[in-house]
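**Q** First the structure, which I've put down as structure tokens, then a few questions once you've had a look.
The values are calculated or read from the model by the stated rules, or taken from the named source; none is laboratory data. Since the structure is predicted, the reported quantities are computational estimates derived from the model, not experimental observations. For neighbour counting, all protein chains shown are included, and Cβ atoms are generated from backbone atoms with ideal geometry for every residue, glycine included. Ligands, DNA and RNA are stripped out before the accessible areas are found, and what is left, the full protein with its side chains, is counted by its heavy atoms. Shrake-Rupley method; radii C 1.70, N 1.55, O 1.52, S 1.80 Å.
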Amino acid sequence: MFRPEFKPYLRPNGEHIREFDAKVLAYCDPYVITSPNADWIPEPHCFENEELRARADGRFGYQDCFQWPQAYSERFEYAICIPNPLKIKAAEEDPSKIVWEFWTPTEEDFDLLDPNSPFPVGSLNRTAYYHLHQLYHHRKLIIEEWKAKREGKKDIVTAMQLHARHLLNMLKHHPLTFPDVVLYVAELQRSLLDINGHMYYVKKAQFPLTYPDFHQRVDPLVMGCFTHDITTCERLFRAGIPVWLVRSPQFIPADMNILNIVDVTRPDHIVQKNFVHNNVVTVFPTLHLGPGGSDRHANTRRTFRAKLIDPADAASADIVPQQGPATSSSQVAPGGRVQANRQNNARSVAQQHIYSASASRKKGHNPKSGRDKWAELDATNMPLAFPQWLAAFKHVDKNPARVVKGMVDSGYRFPEPALLITPASPQRRKLFCANWLAARGLWISRIDHHPPSPLPVPQTWRDFLNSIPSNLAADNATTRSAQEKLAAKTLFGDGLVHLQGETWAGQDTVL
């Protein structure tokens, strides 16, 4: 393909750089990229179909509008004002100073709830949390001052603030695994940077973008964007926002002013690898697959919820998962690699079987042997119910004809209290209680952040709490009972069932 040769050039009596001239120009086959107001040209990652998903630092890699310039979106126009991490760090006088908006937690920043427990559940340490809270508090004051002048009018920034506050509460009060901490810190930082961008936009950029006659000096610390549209380029240039105009070579005017020919700047500082922790590779879900624009911007701001499933085929930590529902894959593997095809068919069959098998077993129960779920449990070990609950429960229409199957998940987020106190054997009751107390920290973290679907049915809970998880079933189970136990093992995850040590309560080791 013919590639024209461009050289620095200034028009006679017209040396001033205007909106369609090039302060810098770079080849990026098959395009030529120019900027009238920036002194560098980032490598574009917004015109081809690319994958948006969380990486090892919890951020979204090259496709992240909070890390690298993306395509212009009218719907998310304020995103052009998000602070640019590369320029912010370069402008920092003290290179050793932590810029908390772009900081990534390490295991030293993670405090375990119980260091002796095999369940690695904990929280962000107080020092890191304090600095993140200070970032939030500073933005909260800015928002409140701005809203006071608008007579309490609500804006999109209000939702951003509430979301940031929610994420802070999650980091402070909820038990989390270390991968969860990394993800929630990154999501909090995105929310705070979103607030930064929005407030900069409404205070400084919105007016000159609306009335382009008022030309502004460029601010190199904001993100800017790529665009194919010359009108958008003109508006952003006059508003002082870094803009990169992408054109085919044949549309470059012969008399265009060109100050410098440069190479594109690659985002080599941005993390693209998958998350690896304790030799477990986690491939986070694909949130979007396509070119940049409004859809990618929207998915970048989507609240992250992963669902753990069996690992897909993989040979290394850099695999690209198939596009599909939001799922993440993690599996213990030698050398930190994802194991491939580890009895996936048997596990899949077992996981599907557990619900159908348990349902059929439940239907086959003798009514006299089961407990009436519409009646309060009468047991000496059962704590007294709240009076308000009892009063409301009496007025519930308990006619079975009104029950519509499939309206809600029939499973249980937590084991039914009756399961823990109704076993006839005192030793079995101790076993159930001890196993639940041992597992609840990690299970609460999982049910809060990436709950299974469907939820465990009572039989699954019974199989889980009645056994040492690592002995639940082999991966090649064929009988119905073995498949139910294998499904319980699969459902609750390797974090619970592949344990080291003697914390888990077996038949002869009840606490």
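**Q** Heavy-atom accessible area per residue, the range 161-269, 1.4 Å probe: how many Å²?
**A** Roughly 44 Å² per residue, with all protein chains present.
**Q** Just reorder R402, R462, R247 by solvent-accessible area, largest first, 1.4 Å probe, all chains present.
**A** R402, R462, R247
**Q** Would you report the distance distribution of C-alpha pairs in the range 96-241 as whole percents per 5 angstrom bin, up to the bin with the largest distance?
**A** 2, 8, 16, 16, 14, 14, 11, 8, 5, 3, 2, 1, 0, 0
**Q** Something else: Can you tell me what percent of all Cα-Cα pairs in the range 123-172 are more than 18 Å apart? Kindly include the intermediate steps, with their values, before the conclusion.
**A** Working: 434 of 1225 pairs.
That fraction is 35 percent.
**Q** Across the range 144-188, how large is the tail of the calculated P(r) beyond 12 Å, expressed as a percent of all Cα pairs? Could the numbers behind the result be given before it?
**A** Numbers: 650 of 990 pairs.
For the range 144-188, the share of Cα pairs beyond 12 Å comes to 66 percent.
**Q** Need the full-extension length gain, D39 to N116, defined as separation in residues times 0.36 nm minus the C-alpha distance. One decimal, nm.
**A** Working: separation 77, 0.36 × 77 = 27.72 nm, distance 5.39 nm.
Taking D39 through N116 to full extension adds about 22.3 nm, to one decimal.
**Q** Averaging over all projection directions, find the projected area of the Cα convex hull of the range 155-246 and quote it in nm² with one decimal place.
**A** Over every viewing direction, the Cα hull of the range 155-246 projects on average to 7.5 nm².
**Q** Can you pull the one-decimal nm distance between simple spin-label points at R266 and E5, each 7 Å off the Cα toward Cβ?
**A** Computed distance between label sites R266 and E5 equals 2.7 nm.
**Q** In what sequence, highest mean first, do 184-190, 439-445 appear when ranked by Cβ atoms within 10 angstrom?
**A** 184-190, 439-445
**Q** Scattering from the C-alpha atoms of the range 42-100 alone, worked out with Debye: what is log10 I(q)/I(0) at q = 0.18, 0.23, 0.25, 0.29 1/Å?
**A** -0.75, -1.07, -1.16, -1.27
**Q** Apply the Karplus curve 6.51 cos²θ - 1.76 cosθ + 1.60, θ = phi - 60°, to the phi angles in the range 201-206 and return the couplings in whole Hz, x for Gly and Pro.
**A** Ordered by residue, 3J(HN,Hα) equals 4, 6, 8, 10, 9, 4 Hz.
**Q** Given a 1.4 angstrom probe, I'd like the percentage of the accessible area of the range 136-287 that is carbon and sulfur, rounded to a whole number.
**A** 52
**Q** What's the FRET efficiency of H131 with A401 using the Cβ-Cβ distance as r and R₀ = 41 Å, to the nearest 0.05? Intermediate results must be reported in sequence, preceding the final value.
**A** Working: r = 58 Å, r/R0 = 1.42.
For H131 and A401, the calculated efficiency is 0.10.
**Q** Semi-axes of the range 405-465's equivalent ellipsoid from the Cα gyration tensor, sqrt of 5 times each eigenvalue, largest first, rounded to whole Å? List each step's numbers first, then the result.
**A** Details: eigenvalues 96, 47, 11 Å².
Here the semi-axes work out to 22, 15, 7 Å.
**Q** Give me the three principal axis extents of the range 1-145 from the C-alpha atoms, as integers in angstrom, largest value leading.
**A** 74, 42, 34
**Q** Sticking with this structure for a sec: Quick one: what Rg and Dmax do you get for the range 200-240 from the alpha carbons, in Å?
**A** Computed over the Cα atoms of the range 200-240, radius of gyration and Dmax are 9.6, 26 Å.
**Q** Going by average Cβ neighbours within 10 Å, how do the peptides 405-412, 288-295 rank, with the highest at the top?
**A** 288-295, 405-412
**Q** Largest first, how would V271, V281 line up by accessible area (1.4 Å probe)? Working shown, then result.
**A** On the way: V271 50, V281 0 Å².
My answer, sorted largest first, is V271, V281.
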